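What follows draws every value from the coordinates through simple rules; no lab data is involved. What you are looking at is a predicted structure, and each value in this text was computed from that prediction instead of being measured. Cβ coordinates were reconstructed from backbone atoms using ideal geometry, including for glycine residues, and neighbour counts include every protein chain displayed.
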Amino acid sequence: MRQRIMHHGTRRRRERRRRAVWTGGELLVTVGVVLLLLVVHQLWWTNREAKEGARHGVEALEREWGQGGGADSGTAADSGSGAPSASSSTASTASPGSRAERDLRAATLTPGRSQAYAILTVPRLHLRVPVAEGVGKRSVLNKGYVGHYPGTGQPGRAGNFALAGHRNTHGEPFRYINRLVPGDTVRVETRSAVYTYAVDRTLRQTSARDSGVLRPVPRSTVHPTYGYTAPGYYLTLTTCTPEYTSRYRLVVWGKLVSMRPR
């Protein structure tokens, strides 16, 4: 019986192939581990870090307001026709025409860029986060804060107080705003006042370039049947949709229903 002769060259080629396959397998495993760590960092660690930062931000504002020192970086409602009068449901609420209400309507300093100057509270979502000026990712949104669109109104003033927040990662404060229904309340606290808005309507999906939702009288330019036609005191909450994408925007609108001094 003839025996098969294995040449040294053949052995070397087979050995090289085995090493190449082994090395490729190791690389694939390494890449998989790195990708898994990136996902964990993005979906878990950034949330943990940002939520903790937002909590500290709220506490810092509350301490600052409690001390009552420094310039007032909060905002107040403008005077003028069509403004909702201050609610009289509690003893601490200003009565219409009182000095307290006039103080609420007094013009105050505009917050600086990326400065946290208000607290947003949404009882249905158990949400309480700082509001900062601007919508920059690194300077505001990635901290777990809610950002105020520059050029839109301020809390309690006539026009449109428009905010943005992450829906996924980095604290994801607006992850569940799609659960808000008409009548749900949203509170905005500043150094001088607390403004309460009632959710009025929701635009489930629109273009990221739909600037109409941010106008003083908010109305979608993509879906014109959604929005308003008359001046008022509006709140706009925007975030990305569907989840884990940034292709479209989800919009929730509310109207100012009461204001009271802190």
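A few remarks follow.
- FRET efficiency for W45 and V222, using Cβ-Cβ distance with R0 set to 45 Å, rounded to 0.05: 0.80
- Charge context of G147, other residues only, Cβ under 15 angstrom, K/R +1, D/E -1: +4
- Spin-label pair R124/E64, simplified geometry with 7 Å Cα→Cβ offset, distance in nm: 3.0 nm
- DSSP-defined antiparallel bridges as percent of all bridges, the stretch 130-258, nearest 5: 75 percent
- With the simple spin-label model, which puts each label point 7 Å out from Cα in the Cβ direction, the K137 to E52 separation comes to 2.3 nm.
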